[in-house]
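A short write-up of the structure that comes next.
The values are calculated or read from the model by the stated rules, or taken from the named source; none is laboratory data. Predicted, not measured: the structure shown is a model, and the values here were computed from it. Every residue, glycine among them, receives a Cβ derived from its backbone with ideal geometry; neighbour counts consider all protein chains shown.
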C-alpha cells in the first residue's frame, strides 16, 4: 500500500493536501541543501541527511486529525453500505463543497479509501476495522482520541515540565478514573474504546495461553469485558468473573449477554485496591498496570498473588517497552500518554514486570509477544 511521504512535495500536491504545504516543504529542503552546499561543498551536500522523517513526524498531526475526523463523521461506516461518488458523500456526510474533495482524496492518499472512476470505497482494512456495525470495529479508541486525547496532548510540554496530569484529573484535583466513572456516557465511550485497542491482544491470549490446565478466571478491570469474552468463547470449560467498580457492571453484563456467555461469565463489583479479589486459577490484567504508579503496580501484583492457588497464573499485558528502550515507540509514547492522563502511571519493560512478580513471590515468569506493540508477562505461583 502506498503511503504519503511529506518528503515528496509532488505527492503532497497530487493528494490535494495543499499548495502551501508543497511550498513549505520545498523551502525547507532547498534551504537545507543550499546551506550544506555553501559550507561543505557539493560532495557533502549529496550525502547530507534529508529532513523527511523530521517533517513526517512533526506534521503527523495533519494525518492523525484527518483520520479522527473521518471516524467522527462515520465516513467508513457510510461507505461500508455502498461506494459513493463525491456529490453523494458530500451530501450524506454534511461536508462543505470547499472541503469535500480534498478531505476524501487525502483519505485516499493516506491509504484509508480507494477511488475508482470518481467513486469512493473503503480499503479492506478500513472496511473491517472502521465500520461501526462490524464486531471487529476498533474506532472506539479513535473516538476517545478525538474527544479527549487530542486536546490533552497539546499540553504535553506542561506535563513534561511539571510531571502532572493534564487531563480531567488536573482540573478537578481528583483521580482521572473517579471523574471518568462519574459520567456514565463518557464511561461507556471509554470502555468501548478499550475493546477496540485491546481486541487483537485479547484474541491472542485466548488462543495461545495453556487454558486446558485451568478452570476459573478473574479479569481485574475488565472494561467492557472483551478479554474475558474472548477467553471464555475459545475455552468452553472456563468459568469467568469480571471484577471492577460497580459502575462498570451494566456495560459489562450487556456485552457478555450480546456474546451469549451469561451462563459462564459474571460480574462482581469491587475496588481492586480496597477489596479482596475473587479467588481463581488465573488472574488477568489487560492494560491495567500502566495506569498506576510503582507502589500501586506492586500492590496489584501482590493482590493477584494472594488470590491464586499454588500453580495459579497471573497474566498482565500492556504495550511493553523493549528492555533496551529503543524499539517499541508505541510503548514509549503510551507511557507519555499515561503521564498526561494519570497521576502516576507509566509503561514498563517485560524485565521490569518480571522483577515485580518475582518480588511478590511468583516462582516462574516469562514474557510472550502477543500482537503489535502488546506483550504479556505470565507469572506462575
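Quick notes
- Hits in the range 156-174 (condition: within 25 Å of residue 66 (Cα to Cα) and modelled with pLDDT of 95 or more): 156, 157
- Extreme residue, surrounded by the fewest Cβ atoms within 10 Å (Cβ to Cβ), among residues of the range 346-373 that are modelled with pLDDT under 95 and in contact with a helix residue (DSSP H, G or I) (Cβ under 6 Å, 6 or more places away or on another chain): 371
- Across the range 241-290, the number of residues qualifying as over 25 Å from the mean Cα position of the chain (by Cα) and in a loop (DSSP other than H, G, I, E, B) comes to 14.
- Criterion applied to 298, 268, 257 was being out of contact with any strand residue (DSSP E or B) (no Cβ under 7 Å at 6 or more places or on another chain), closer than 25 Å to residue 377 by Cβ and surrounded by fewer than 20 Cβ atoms within 10 Å (Cβ to Cβ), and the one residue passing it is 298.
- Test: residue in the range 35-47 that is modelled with pLDDT under 95, in a helix (DSSP H, G or I), within 31 Å of the chain's Cα centre (by Cα) and not assigned by TED's automatic domain parsing to the domain that holds residue 196: no
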